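The values are calculated or read from the model by the stated rules, or taken from the named source; none is laboratory data. Nothing here was measured: the structure is a model prediction, and the numbers come from that model. Ideal geometry is used to build each Cβ from the backbone, glycine not excepted, and the neighbour counts take in all protein chains shown.
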Amino acid sequence: MRMEYVKQLISLYNMEIVIGLVIAIIILFLMNIFSAVRISKIKKRYNALVRGKDNASIEDLLIRNGHEIDDIKDEIANLQKRIEELDVKLTFAVQKVGFIRYNAFADMGSELSFSIAILDGFLNGFVLTSIFGREQSVCYAKSIKNGKSVYPLSAEEIQAIDRAIKGDFYNNL
C-alpha cells in the first residue's frame with residue numbers, strides 16, 4: 001500500500017521532482033567549483049610558505065634563523081663583557097667633583113679663592129686649592145684616598161670633598 005502511494009506521488013509530481021533534482025545538482029556543482037577555487041588559493045599560499053623566500057624550504061629558513069640567533073647571542077655576550085670592562089674602567093675615572101669659592105682674607109672681596117675636589121668612584125683623587133691675595137696667589141693640591149687625606153685639610157677643602165661625595169657640584173657654583 002505504501003509503495004503504491006509513493007509511485008502515485010512520483011508519477012503525479014515527476015516533473016517537479018526532476019526540476020528540483022536538477023537545481024540541487026547545479027547548486028552542488030557550483031559549491032564544488034567554489035571549494036576547488038578556495039583549495040587552490042590555500043594550496044598556493046601553503047606552497048609559498050613551505051618553499052619560502054628564494055625557493056628555500058621552511059626548514060632551511062628555520063635552521064638559518066637558528067644560526068643567526070646563536071650569532072646574536074654571542075654578540076650580546078661580547079657586548080655584556082665589554083660593558084663590564086667599561087664599568088670597571090669607569091670606577092677609576094673622575095666621577096665626583098665638589099667646588100667651593102670663598103674669601104681667604106677678610107679684607108678681600110669677590111670670593112676669588114677656591115677649593116675643588118676631584119674624586120673617582122672609590123673616593124680617590126685630589127683636592128686643588130687656590131688662595132688669592134693682593135700681593136701673592138698660591139695654588140696647591142692634596143691627595144685624597146677613600147675620601148680622606150693624610151695632609152691636614154682646611155674647612156673649605158673638607159666642604160669641597162663633602163660636596164663631591166654628595167654630588168652637590170652644580171648647586172654651589
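Observations
- For Val88: the one exception among (1) loosely packed, with under 12 Cβ neighbours inside 10 Å; (2) farther than 29 Å from Val150 by Cα: (2)
- Residue match in the range 65-83 (condition: free of Cβ contacts under 8 Å to residues at least 40 places away in the same chain, basic (Lys, Arg) and in the same structural domain as Ala160 (by TED's automatic domain parsing)): no
- Matching residues in the range 122-166 - criterion: being of a type in the set (Phe, Trp, Tyr), more than 43 Å from the chain's Cα centre (by Cα) and not in a loop (DSSP other than H, G, I, E, B): Phe132, Tyr140
- Looking across the range 84-109, the residues that are of a type in the set (A, V, I, L, M) and either within 28 Å of Asp162 (Cβ to Cβ) or in contact (Cβ under 8 Å) with a residue 12 or more places away in the chain (or both) come down to Val88, Leu90, Ala93, Val94, Val97, Ile100, Ala104, Ala106, Met108.
- Cβ-Cβ distances below 6 Å connect the following pairs, each with a first residue in the range 138-159 that is without any contact (Cβ under 8 Å) to a residue 40 or more places away in the chain, a second residue that is among the basic types (Lys, Arg) and surrounded by 11 or more Cβ atoms within 10 Å (Cβ to Cβ), and a separation of six or more residues or different chains: Ser149/Lys142; Tyr151/Lys142.
- Which numbered condition Arg2 fails, given (1) under 48 Å from the mean Cα position of the chain (by Cα); (2) exposed (fewer than 10 other Cβ atoms within 10 Å of the Cβ): (1)
- Filtered residues of the range 106-121 (kept if surrounded by 13 or more Cβ atoms within 10 Å (Cβ to Cβ) and either among the hydroxyl-bearing types (Ser, Thr, Tyr) or not in a strand (DSSP E or B) (or both)): Met108, Leu112, Ser113, Ser115, Asp120, Gly121
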